[in-house]
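The values are calculated or read from the model by the stated rules, or taken from the named source; none is laboratory data. As the structure is a computational prediction, the values presented were derived from the model and not from experiment. Note: areas computed on protein heavy atoms with side chains; ligands, DNA, RNA excluded. Shrake-Rupley method; radii C 1.70, N 1.55, O 1.52, S 1.80 Å.
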Amino acid sequence: MGTLPYAYEHFFTREGFNSSLGHFQAVANIIPEIQQKNNLADQLNQMLGENTLNQNQLGPIVYALLVDKYAYACDSCNLKDTVEAFDEIHEAVAGWNAVDLVMTYIHPELGYLIANPKNRSHWDSVGTLRKNEIVTVYAGGMDRGVDQKTADKAVETFIKYLNGSPGKPPALLTKGSFKYSPPKEIKEPKKPAVRKKKTSTARKPAGQKDTAATAPPPARESGGGKKRMTPFYSVPVSNELFHNGNVEAWKRIIQSYQAKHPGLEVYIFYEGERIHDIAALFKWGKVKHGSTIVFAVAGEDIKDVAKLQRYLRQGASPRFEDFLRFPVNTVLNLF
């Protein structure tokens with residue numbers, strides 16, 4: 001009875017008002033995107049990568065849109081066993097064209113995660129679904145006429161798959177307008193164009209190549225396969241300040257990752273700027289509690305991204321010392 005006058009208490013301050021306004025604007029911008037057949041999990045993960053959304057907003061957005069606005073069927077379960085291999089589940093649900101699917105998972109270390117089960121890269125980001133942890137599945141069609149029976153069957157069947165009972169999906173789930181289309185990959189921001197100096201028009205010796213014009217950038221030189229870059233992943237700083245200890249922890253984590261995967265490169269970004277020297281994050285003196293650092297991995301056979309994100313989160317927390325308990329020249333065996 002007495003709580004009503006305080007229902008809008010967070011609007012009293014400029015910070016609270018601006019934070020709420022930013023959240024409302026983000027939701028308003030998301031609606032037209034998902035109405036154009038973009039999956040909500042794809043959209044939210046892209047916004048996290050672009051640093052236009054923070055992880056604390058995920059739960060309220062999912063409930064407001066999928067449950068309250070579009071009335072998706074949903075159900076939760078505590079997993080009967082740990083799930084680490086996702087290929088079979090992904091292949092089973094990728095062809096469910098009758099419904100739009102979203103899965104959320106409360107990860108013990110990474111927090112609230114959201115995934116599009118039809119998007120294979122999202123399974124890699126989740127990494128492991130642990131026994132007894134809660135998973136929630138949503139199925140529906142926004143306002144495009146998915147009937148309740150189909151949505152309920154999708155949720156029920158998907159939960160069975162997660163709990164180790166795969167099988168042929170019901171026929172009613174395979175036909176419809178929700179065929180999965182991969183979202184556009186977030187690419188590294190383009191570097192400013194470098195003005196080329198005029199060169200002599202003298203003829204070059206036969207067979208000599210203009211290496212300055214044709215050589216690829218260092219990150220793309222090795223190997224001959226198809227290179228790609230992951231979406232950007234956010235790492236919140238939960239230490240009071242991202243100080244020298246956090247810097248050293250990150251150096252060791254990334255060194256361990258690249259020692260295990262020598263063909264891969266880790267890109268670090270802060271406030272839209274690529275960080276070539278991690279120590280610069282400490283020297284700037286402005287990466288404080290609540291800030292977000294963004295990273296992506298580039299290369300051919302990209303692996304262990306979820307584990308890398310988990311370790312970087314710990315390295316940005318007060319628990320960074322766990323990575324500093326070994327001799328300076330030791331390469332940690334983390335991956």
Next on the checklist: Need the full-extension length gain, ALA85 to ARG325, defined as separation in residues times 0.36 nm minus the C-alpha distance. One decimal, nm.
Outcome noted: 83.2 nm
Item to check | segment 13-82: translational diffusion in µm²/s, Stokes-Einstein, Kirkwood Rh over Cα pairs, 37 °C, 0.692 mPa s | outcome: 243
Next on the checklist: To make sure I understand the rule: partners must be aspartates and glutamates, Cα under 12 Å from the Cα of LYS307, and not fewer than 8 residues away in the same chain. Which ones qualify?
Outcome noted: GLU109, ASP124
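Determine how many Å³ per residue the convex hull of the Cα atoms of segment 1-142 encloses. Display every interim value, and only then the final one.
On the way: hull volume 20.2 nm³, N = 142.
Per-residue hull volume (Cα only) is 143 Å³.
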Checklist outcome for this item: Full extension between THR13 and GLN35 adds, at 0.36 nm per residue less the Cα distance, a length in nm of 4.5 nm
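Figure the gain on full extension for ASN333 and SER181 (residue separation times 0.36 nm, minus the Cα-Cα span) and round it to one decimal in nm.
Working: separation 152, 0.36 × 152 = 54.72 nm, distance 3.71 nm.
Working it through step by step, the gained length comes to 51.0 nm.
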Checklist outcome for this item: Restricting to aspartates and glutamates and to Cα separations under 16 Å from LYS160, and discarding same-chain partners fewer than 8 apart, the set is ASP75, ASP81, GLU84, ASP87, GLU88, GLU91, GLU133, ASP152
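Ignoring any ligand, DNA or RNA, what whole percent of the accessible area of segment 263-335 comes from carbon and sulfur when the probe is 1.4 angstrom?
48
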Item to check | Whole-Hz ³J(HN,Hα) from phi, Karplus 6.51 cos²θ - 1.76 cosθ + 1.60, for segment 81-91, glycine and proline x | outcome: 8, 5, 10, 10, 9, 10, 4, 5, 5, 4, 4
